[in-house]
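Encoded as structure tokens, the structure appears first; notes follow it.
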Amino acid sequence: MEVVLTGIKPTGKAGTLHIGNYVGAMKPAVAASRNPRVHSFYFLADYHAIGGEADSVARSTLEIAASWLAVGLDPSKVVLYRQSDIPEILELTWILHSVTAKGLMNRAHAYKAAVAENEATPGRDPDQAVMMNLYSYPVLMAADILMFKAAKVPVGKDQKQHVEMARDIAQRFNHHFGETFVLPGAVIGDSIATLPGLDGRKMSKSYGNVVPLFAGEKELRKLIMKIKTNSLEPGQPKDPSDSSLYDIYRAFATDEEAAAMRTRYAEGIGWGDMKQVLFERINTEIAPARAEYERLIANPREIEDLLQAGAEKARAVSRPFLAEIRDKVGIRPLAR
Ligand code: TRP
């Protein structure tokens, strides 16, 4: 069975997840995870998040796990775990260092960007504040992927290079120690699913134009009322292809609902009415997830137990596989 694996780095707050993330990434991922022909692994990459505030790593792990569970990720259908609960991943990371060329890591975008910024600042050492965990980041990520023999890794564009590096590392290991790892490939989410934000530009945290996924009902309504429109009056025909409100509605609606809405645009629906319809459509879909999110956040024990159960499933794979890998590289008992 095909293995699909993806990691989410627990940095930032779940409060920064927005309805664009929901329709563009979370909803399709949850739908894909229900496909009985794929074996899905989802994990919280907390080792990748070390370095900032200690409390924020743990808090963000809780919030991100709660968010995904709330929107329908089903831990009985996928393996959901926390990276740091799988010690075999760290052991594999070190082993992979032995087949990872330093020159390959020199080419990693994130490391290069940090060095370039230092070089642009007069008097600074090029490696100032560059920690080894930034430099080795792709090796840990390779271990995440290779440990579970993932063939497909859905990631954002910024992570594509890391998946390609994991593939290079796997190839080198296989060449050196014999066929061991599945060669992974990145699956890049299509950007068709990006939503416009309040001001009409792409909805993005960095533009400050987002509708937060778990905004309360009142706030949700208030934000939707702020979405930019043109100045056409009620009764004047309107063009759905030039309307943020329609684009957002389309992302939530069925094909039939969308077709009916295009008719109402042609008939001249007023912007106020359209905003009300949009608010109701989004709220109907999000309200149960919002309630579930709040319930889960108040019950961290429940999430911890789920993660522990997920770790057991993951380790049923990683323990025997690591034993095999250790033997291949020559880490063996002297007598059996
Ligand atoms: N580096 C990824 C990010 O920042 C998160 C991640 C860690 C990941 N390990 C992974 C993604 C393995 C896919 C597969 O978004």
Take the stretch 216-265 and flag every residue that is under 26 Å from A289 (Cβ atoms) and of a type in the set (D, E). E217, E219, D247, D255, E256, E257
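The rows are residues; the columns are (1) touching a helix residue (DSSP H, G or I) at 6+ places or on another chain (Cβ under 8 Å); (2) of a type in the set (K, R); (3) farther than 30 Å from M105 by Cα.
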site: Y137; (1), (2), (3): yes, no, no
site: A142; (1), (2), (3): yes, no, no
site: I145; (1), (2), (3): yes, no, no
site: K157; (1), (2), (3): no, yes, no
site: E164; (1), (2), (3): no, no, no
site: P184; (1), (2), (3): yes, no, no
site: K205; (1), (2), (3): yes, yes, no
Top-ranked residue in the stretch 121-160 [being near the ligand (Cβ under 9 Å from one of its atoms) and of a type in the set (D, E); ranked as farthest from L322 (Cα to Cα)]: D158
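Okay, residues lined up against (1) over 30 Å from E233 (Cβ atoms); (2) touching a helix residue (DSSP H, G or I) at 6+ places or on another chain (Cβ under 7 Å); (3) not charged (D, E, K, R):
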position: A251; (1), (2), (3): no, yes, yes
position: E294; (1), (2), (3): yes, no, no
position: P300; (1), (2), (3): yes, yes, yes
position: D305; (1), (2), (3): yes, no, no
position: L334; (1), (2), (3): yes, no, yes
Among residues of the stretch 102-111, those that are more than 16 Å from the ligand (Cβ to nearest atom) and either in a helix (DSSP H, G or I) or in contact (Cβ under 8 Å) with a residue 60 or more places away in the chain (or both), counted: 4
One residue is enough: does the stretch 87-97 have a residue meeting the conditions more than 20 Å from K9 (Cβ to Cβ) and in contact with a Pro (Cβ under 8 Å, 6 or more places away or on another chain)? no
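Look at L195 and say whether it is among the hydrophobic types (A, V, I, L, M, F, W, C), in contact with a Phe, Trp or Tyr (Cβ under 7 Å, 6 or more places away or on another chain) and either surrounded by 16 or more Cβ atoms within 10 Å (Cβ to Cβ) or free of Cβ contacts under 8 Å to residues at least 12 places away in the same chain (or both).
Spelling it out, it is not the case that L195 is among the hydrophobic types (A, V, I, L, M, F, W, C), in contact with a Phe, Trp or Tyr (Cβ under 7 Å, 6 or more places away or on another chain) and either surrounded by 16 or more Cβ atoms within 10 Å (Cβ to Cβ) or free of Cβ contacts under 8 Å to residues at least 12 places away in the same chain (or both).
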Going by what's in this entry, would R262 be described as in contact with a Phe, Trp or Tyr (Cβ under 9 Å, 6 or more places away or on another chain) and under 20 Å from K222 (Cα atoms)? no
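From the set of residues in the stretch 269-290 that are of a type in the set (A, V, I, L, M) and over 18 Å from P234 (Cβ atoms), which is surrounded by the most Cβ atoms within 10 Å (Cβ to Cβ)?
First, the residues of the stretch 269-290 that are of a type in the set (A, V, I, L, M): 269, 274, 277-278, 282, 286-287, 289.
From what is left, the residues that are over 18 Å from P234 (Cβ atoms) are 282, 286-287, 289.
Working: I282: 24, I286: 22, A287: 12, A289: 18.
Per the stated criteria, the residue is I282.
Any residue in the stretch 85-106 that is touching a Gly at 6+ places or on another chain (Cβ under 7 Å), modelled with pLDDT of 95 or more and not aliphatic (A, V, I, L, M)? Break it down into steps so the answer makes sense when it comes.
Filtering the stretch 85-106 for residues touching a Gly at 6+ places or on another chain (Cβ under 7 Å) gives none.
Scanning the stretch 85-106 turns up no residue that is touching a Gly at 6+ places or on another chain (Cβ under 7 Å), modelled with pLDDT of 95 or more and not aliphatic (A, V, I, L, M).
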Of all residues in the stretch 1-39, which are away from the ligand (no atom under 12 Å from the Cβ), surrounded by 21 or more Cβ atoms within 10 Å (Cβ to Cβ) and under 19 Å from A151 (Cα atoms)? S33
Note on the stretch 142-167: residues crowded, with 17+ Cβ neighbours inside 10 Å, part of a helix (DSSP H, G or I) and modelled with pLDDT of 95 or more are A142, A143, D144, I145, L146, M147, H162, V163, M165, A166, R167
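The values are calculated or read from the model by the stated rules, or taken from the named source; none is laboratory data. This is a predicted model, so every value here is computed, not measured. For neighbour counting, all protein chains shown are included, and Cβ atoms are generated from backbone atoms with ideal geometry for every residue, glycine included.
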